[in-house]
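Note sheet for the following structure.
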Amino acid sequence: MYGVVLSAVRTGIFAEGRFMGKVLDEWITDTQEFVRTKLPHLVLVAFIAFVLMRILRLITGRMIRLAEHHGVGQVRLSQVRTLAGVVRTTGIAAILVIVSMVFLSAVGVNLAPLLASAGVAGVAIGLAAQTIVKDVLNGSLILIEDQFNVGDVVTLAGLTGTVEAMTLRKTTIRGADGTLYMVPNSQITTVANQSVDFSVATINVSVDFSADPDKVMEILNRIAQEVRNDPAFKHLFVAEPQVLGVDALKGSQLIFPVVFKTKATLQYGPTREFQRRVRIALEEHHMLPGDPMRVFNAFGAGAADAGTAAGPAPEHEPPPAPRDPTTIKPQETNPFTGEG
């Protein structure tokens with residue numbers, strides 16, 4: 001059959017010995033050489049590429065199924081799907097590029113100029129888009145390491161807010177005042193995530209120096225336990241409140257730190273209720289709140305004795321009401337005129 005076809009072709013300009021006949025002979029020889037030596041190699045490369053792409057699809061599909069099986073949140077599942085899609089697309093593109101180069105080399109295409117041009121173009125693109133590449137790489141690491149998720153309260157690049165959206169290139173944060181920030185992932189070097197595990201809030205209760213510290217601690221412990229056992233806040237606590245005692249003396253102030261450990265980002269309700277009850281309790285027990293501008297005068301009794309030495313008060317005049325020594329301020333002098 002091959003001989004019949006060849007005899008039919010070898011007529012006219014394709015006759016044996018003529019120019020086109022010699023060209024036809026060279027084509028037949030090259031085709032035979034290609035089929036004998038290179039075609040099996042290309043078939044093997046194509047088969048390996050097909051297997052690698054199937055393995056890559058199975059791995060990325062397995063990632064998504066494991067995430068669904070372990071019951072991760074919808075946000076985390078979406079991140080896993082995004083990451084799996086990026087890995088699959090990048091891997092398939094790399095495999096196809098390598099296979100294409102092998103096929104071009106097999107058919108006799110000189111790859112040296114192509115590779116040189118691709119290298120120059122790659123350098124130019126890399127210099128122009130190096131920030132984008134850094135954004136994508138850092139975004140991939142954020143997704144892989146699960147540094148934060150959509151809905152978390154975080155501090156990124158000096159900005160604090162709630163994460164509204166995440167992509168491989170940027171993270172979108174909504175600030176407390178409603179401002180929407182878009183942070184490139186390459187700018188995220190430190191992540192402060194306030195939505196992980198628990199939150200700790202420390203309230204510094206300032207009471208006047210004249211108050212009994214033991215009595216104050218008793219009141220604060222009682223109020224803290226009342227808030228801890230309140231049905232509205234009981235489910236928010238992860239540990240018992242702690243009253244640490246007198247932490248500092250500042251002028252006429254006694255500072256009592258009270259520590260609340262609650263579920264993540266849920267500390268505001270219990271702390272606000274605690275401060276409201278402290279305000280009411282101080283008034284009920286006739287205790288003054290701390291004031292850095294108030295001066296405690298320990299010599300108030302001496303001033304009273306000096307008034308007695310000047311002579312007894314008339315009988316028809318009522319005795320002066322005692323003054324709170326914590327409200328007596330020192331004599332102030334104008335530093336410019338010297339007048340009191």
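For region 38-46, the Karplus equation 6.51 cos²θ - 1.76 cosθ + 1.60, evaluated at θ = phi - 60°, returns couplings of 8, 4, x, 5, 5, 4, 5, 4, 4 Hz by residue, with Gly and Pro reported as x.
Stokes-Einstein diffusion for region 90-131, with the hydrodynamic radius set to the Kirkwood value over Cα pairs and evaluated at 25 °C in a medium of 0.890 mPa s, equals 211 µm²/s.
Taking square-rooted eigenvalues a ≥ b ≥ c of the alpha carbon gyration tensor, is region 51-188 rounded, prolate or oblate, where a/c under 1.5 means rounded and, failing that, a/b exceeding b/c means prolate? Could the numbers behind the result be given before it?
Details: a/c = 4.77, a/b = 1.59, b/c = 3.01.
The shape class here is oblate.
Of the cross-linked pairs K215/K250; K170/K261; K234/K261; K215/K261, which ones have a Cα-Cα span greater than 22 Å in the structure shown?
Details: K215/K250 19 Å; K170/K261 33 Å; K234/K261 12 Å; K215/K261 24 Å.
The answer is K170/K261; K215/K261.
3J(HN,Hα) couplings calculated from phi for region 51-66 with the Karplus curve 6.51 cos²θ - 1.76 cosθ + 1.60 (θ = phi - 60°) are, in sequence order, 5, 5, 5, 5, 4, 4, 5, 5, 5, 5, x, 5, 4, 5, 5, 5 Hz; Gly and Pro show x.
Taking all protein chains together and rolling a 1.4 Å probe, T90 ends up with roughly 90 Å² accessible.
Residues with beta-carbon under 13 Å from that of K234, excluding K234: net charge, scoring Lys, Arg +1 and Asp, Glu -1? Intermediate values should be presented prior to the final figure.
Numbers: positive: R228, K263; negative: E226, D230, E240, E273.
So the environment of K234 carries a net charge of -2.
Over region 100-230, what is the relative contact order in percent, taking alpha-carbon pairs closer than 8 angstrom and at least six residues apart?
Normalised by residue count, the contact order of region 100-230 is 17 percent.
Close amide H pairs (under 5 Å, H built 1.01 Å from N) link F198 with A264, residues at least 5 positions away or on another chain.
The values are calculated or read from the model by the stated rules, or taken from the named source; none is laboratory data. Quantities reported herein were computed from a predicted structural model and do not represent experimental measurements. Heads up, the Cβs are rebuilt from the backbone with ideal geometry, glycines too, and the neighbour counts pull from every protein chain shown. Remember, those area values only see protein heavy atoms, side chains included, never the ligands or the DNA or RNA. Shrake-Rupley method; radii C 1.70, N 1.55, O 1.52, S 1.80 Å.
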